[in-house]
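**Student:** Below is a structure I'd like to ask you about.
The values are calculated or read from the model by the stated rules, or taken from the named source; none is laboratory data. Quick caveat, the model's predicted, so the values are computed rather than measured. Heads up, the Cβs are rebuilt from the backbone with ideal geometry, glycines too, and the neighbour counts pull from every protein chain shown. Only protein heavy atoms, including side chains, enter the accessible area calculation; ligands, DNA and RNA are left aside. Shrake-Rupley method; radii C 1.70, N 1.55, O 1.52, S 1.80 Å.
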Amino acid sequence: MIPRHLYIGISVLLAAVLAMTIYALRMRGRAVATSVSPSDTRPVAPPAAGPTEQVTLFVAYDDIGMLQAHAARIPLPSVRQQRAEELLRSLLAIYLDKSSPHPLPPGSDVRGVYLVDPGLAVIDMNAAFADGHRSGILSEELTVASLIQTLSTNIPGIAKVKILVEGKERQTLAGHVDLSGFFDAAGINQLAAQLQNSP
Amino acid sequence: MRWSSTRSSARALGIIIASGILFAFAAFLVLAAAPQKHLSVYSTAANYSLPIVQRQGRDYVGLLELLEPLGSVSAKFDSRRWRLHYNNILGEFTVGESRVRIQGREADLSAKFFFENDRGLVPIDSLSSLLPRILGGPVTLHVESDRLLIGSVGTHFTAAIAPEDSSRLVFHFTAPVNPSVSTEHGKLHMTFSREPVLAPASPTLTFDSKTITQAKFSESNGAAEIDVTTNIPLMANFSPDGQTITLEPSKAQTAAASNTAPPAPPQKLLAPSPAPPGAVPSARRYFAVVDASHGGSDSGETLSPSLAEKDVTLALARRLRQELENRGIPTLILRDSDANLSLDDRAFAANNARAAVYVAIHAASSGHGVRLYTALLPYADEEDDGPFRSWSTAQQSSLGASQAVLASVAAELKKQQVAVRGLTAPLRPLNNVAMAAFAVEVAPPGLDLSQLASPDYQQLTMSAVANGIADVRAQLGMAP
Ligand SMILES: [Zn+2]
């Protein structure tokens, strides 16, 4: 006789397998399809309710061309993946605010963060974020360093990061910063340190 | 009894579940990260690669994108009709139809024409009949391996055991090559993705040697590969002209007993060894390569409504070349017109020039003064010996030299009272360049953006950059 808890376990795992397969097929479908999705203009999701936690956000400032670390208290879910998404949404909320220190295009959002491989984080951003992003080496690298450093500082164990746009690989963010490879979290950590030094 | 049978069935189920998860995870990784197929194109003008898209089970490629690096091309689309001009040739394509007209003469594609997102897509297996009508010359399509050769390009090779030493295998190529090299037990692979290396008369060559028995040529997925079968660890040595590759027992093998020898390179991946700066001064035509970033359809940043980055970078690059040549430094400029040039093309041309220093020029509206960048290399997985690994980290061994040039240039800019900042950046093609390499991002001196186009400001900044390079020329292998 097979105990009942095994049946439940199997059903849950089979459902997970099915969900992952569907997700992978959708990702692949997106990579193959060439039709341009309309830009996503959803408002930034409000932070999930729950107990608040202290985190460090690395915020870009265009006027001085620097990153600055800010301590913030935000409500974070307990699931690692959702925590990652909420962290980045809190950061985007700063950039989308009227008094933004580093304006990002209206409607910029995180479609999802996937912590797939041990040490690999995939950040999937929407088209609005990339299509309207300001062009320039420093402008683009401030954004990328801010996102990755915030993620790897608050979510332990991230060694490399891939940034996708609408589920697809993109050559550059806005003509400069390379999105075709994997970012080395250690390298970005050093870059973040350089960007925190005043010029 | 009953207990143990429950336990073994639970264990069996556990194994099934675990393998199910592993399978699903592997499928997820494979599907999510399935690399896109590419068509590699080789011509005398440029070598480049284009993404392949699948339509109705066939491989297609954008025709305009294919022709762009080869000549002047433009296209117009109105109600199902796509009219493409290449130099003086007119091609007419109709959505959903395979019949096309080239200079008024009808021809048939193997499948229907698609038009999507401003791209006219033609089936790849029709290129060998379609392109000669447009280009007016022969093309060779290797349809199984997605390689397209335009005109009489093609690199041939011979392979022979060295007469004086049967543990060495010498390849000679008719043009410089820079393959990525990897080894696994009993095999050494050389992958040529950027050169049109062609098959020898027989794809499998056998040798009369105890240690190296055969070399096998194959091609797939836009690249050619030579697999060498061996029973000892081999390393690849490149001649300065890039036309001869000698495979010989790796130093780790021969110098194992000596503890004074420098550490041997890891046998897992013996990176191609581009000529180190200064090693072959006589073979060097250019000391510096100046790259006017962006160009053609890539305008770079719109600095102001009337000022595109690509125009400022071209003006700055021309000035820098002049300043370097005034200091006796032979300089190659990579873009001297409003041309499209891919990042791979730029890296390829720079590496091919075998110069000592590469400078990418950018301009930006944000901030002020000049920012200098060396490469921030992508994550390099020790486990990943993929053919592009050495390409994406070709800069690795030159980073020290790059930082030295950056420091020298920064000092010269400071002398001219220009605000300067040195950073790293994940910026291609810096990471693909196998020599000292840095990028210069010129921002206006103050709030006035029009200063970016001012000859005085351009002169001030570029002469300082030239001074910085000239100051370290001896370090980079040029007699002062
Ligand atoms: Zn630029």
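**Student:** Among the residues of region A:159-184, which ones have their accessible area go down by 30 Å² or more when all the protein chains sit together, as opposed to their chain alone (1.4 Å probe)?
**Tutor:** A:K160, A:H176, A:D178, A:F182, A:D184
**Student:** Would you list B:F93, B:F207 from the most to the least accessible area, probe 1.4 Å? Write out the running numbers ahead of the final one.
**Tutor:** On the way: B:F93 0, B:F207 35 Å².
Highest to lowest solvent-accessible surface, that is B:F207, B:F93.
**Student:** I want the local charge near B:A363. Using Cβ-Cβ distances under 10 Å, sum +1 for each Lys or Arg and -1 for each Asp or Glu among the other residues. Mind dumping the intermediate values first?
**Tutor:** Working: positive: B:K310; negative: B:E301, B:E309, B:D311, B:E441.
Net local charge, B:A363 excluded: -3.
**Student:** Need the per-residue list for region A:116-144: every residue with at least 20 Å² less accessible surface in the complex of protein chains than in the chain by itself, probe 1.4 Å, sorted by number.
**Tutor:** When all protein chains are present, A:V116, A:D117, A:R134, A:S135, A:I137, A:L138, A:E141 each give up 20 Å² or more of accessible surface.
**Student:** Okay, moving on. Can you run phi through the Karplus equation (6.51, -1.76, 1.60; θ = phi - 60°) for region B:115-127 and list ³J(HN,Hα) in whole Hz, with x for Gly and Pro?
**Tutor:** Result, rounded to whole Hz: 10, 9, 6, 6, 10, x, 9, 10, x, 4, 6, 8, 5.
**Student:** Rounded to whole Hz and in sequence order, give me ³J(HN,Hα) for region B:433-447 from the Karplus expression 6.51 cos²θ - 1.76 cosθ + 1.60, θ = phi - 60°, writing x for Gly and Pro.
**Tutor:** Karplus values, whole Hz, x for Gly and Pro: 9, 9, 6, 4, 8, 8, 10, 10, 10, 8, 10, x, x, x, 8.
**Student:** Further, regarding this structure: Find the accessible area per residue for region B:394-480; the probe is 1.4 Å, ligands and nucleic acids are left out, and the unit is Å².
**Tutor:** 36
**Student:** When the expected Rg is taken as 2.2 N^0.38 Å, what fraction or multiple of it is the alpha-carbon Rg of region B:113-260?
**Tutor:** After normalising by residue count via 2.2 N^0.38 Å, the value is 1.30.
**Student:** With bins 10 Å wide starting at 0, give me the P(r) of region A:116-181 over every alpha carbon pair, in whole percents.
**Tutor:** Percent of Cα pairs in each bin: 22, 54, 23, 1.
**Student:** For B:Y379, what residues show an amide H to amide H distance below 5 Å, using hydrogens built from the backbone and excluding near sequence neighbours?
**Tutor:** Result for B:Y379 returns A:F182, A:F183, A:D184.
**Student:** Please give the solvent-accessible surface of B:R428 in Å², to the nearest 10, using a probe radius of 1.4 Å with every protein chain present.
**Tutor:** 40
**Student:** Which shape class applies to region A:67-118: rounded if a/c is under 1.5, otherwise prolate when a/b exceeds b/c and oblate if not, where a ≥ b ≥ c are the square roots of the Cα gyration tensor eigenvalues? Provide the component values of the computation, followed by the final result.
**Tutor:** Details: a/c = 2.18, a/b = 1.58, b/c = 1.38.
Prolate is the answer for region A:67-118, as a/c is 1.5 or above and a/b outweighs b/c.
**Student:** For A:K168, what accessible surface area do you get with a 1.4 Å probe? Give it in Å², rounded to 10.
**Tutor:** 60
**Student:** Shifting gears a bit: Step through the residues of region B:342-354 one at a time and calculate ³J(HN,Hα) from phi using the Karplus curve (6.51 cos²θ - 1.76 cosθ + 1.60, θ = phi - 60°), rounding each to whole Hz and writing x for Gly and Pro.
**Tutor:** Here the 3J(HN,Hα) series is 6, 5, 5, 4, 5, 5, 4, 5, 5, 5, 5, 6, 6 Hz.
**Student:** Separate question: List for region B:396-432: residues with 30 Å² or greater reduction in accessible area, all protein chains versus chain alone, probe 1.4 Å?
**Tutor:** B:R421, B:L423, B:T424, B:P426, B:L427, B:R428
**Student:** If you don't mind, another one. Taking the convex hull of the alpha carbon atoms in region B:38-150, what volume per residue do you get, in Å³?
**Tutor:** 93
**Student:** Another question, if that's okay. By how many nm would the segment from B:D118 to B:S454 grow when fully extended, if each residue of separation counts as 0.36 nm and the alpha-carbon distance is taken off?
**Tutor:** Fully extending the segment from B:D118 to B:S454 adds 117.3 nm.
**Student:** Now for a separate question. Sorted by accessible area with a 1.4 angstrom probe, largest first, how do B:R327, A:R80 fall?
**Tutor:** If we order B:R327, A:R80 from most to least accessible, we get A:R80, B:R327.
**Student:** Here's another thing I want to ask about it. To the nearest 100 Å², how much accessible surface do chains B and A cover up together, summed over both, with a 1.4 Å probe?
**Tutor:** 3700
**Student:** Compare B:R335, B:R318, A:R83 by solvent-accessible area with a 1.4 Å probe and give them largest first, with all protein chains kept in place.
**Tutor:** Ranking B:R335, B:R318, A:R83 by accessible area, largest first, yields B:R318, A:R83, B:R335.
**Student:** Now, a different point. Net charge within 15 Å of B:T174 by Cβ-Cβ distance, Lys/Arg positive one each and Asp/Glu negative one each, not counting B:T174 itself?
**Tutor:** -2
**Student:** Amide H of A:N126 versus every other amide H placed in the peptide plane: which residues, excluding those fewer than 5 positions away on the same chain, fall under 5 Å?
**Tutor:** Residues meeting the amide H criterion: A:D109, A:R111, A:E166.
**Student:** Please give the net charge around B:I102, taking every other residue with its beta carbon less than 9 angstrom from that of B:I102, where Lys and Arg add +1 and Asp and Glu add -1.
**Tutor:** +1
**Student:** Next question, about the same structure. So what's the Cα pair-distance distribution over region B:179-254, bin width 5 Å, in %?
**Tutor:** Final binned percentages: 3, 15, 25, 28, 19, 8, 2, 0.
**Student:** Go from 0 up to the bin containing the longest alpha carbon distance in region A:52-197, width 5 Å each, and give me the % of pairs per bin.
**Tutor:** P(r) for region A:52-197, in whole percents per bin: 2, 10, 21, 26, 24, 13, 4, 0.
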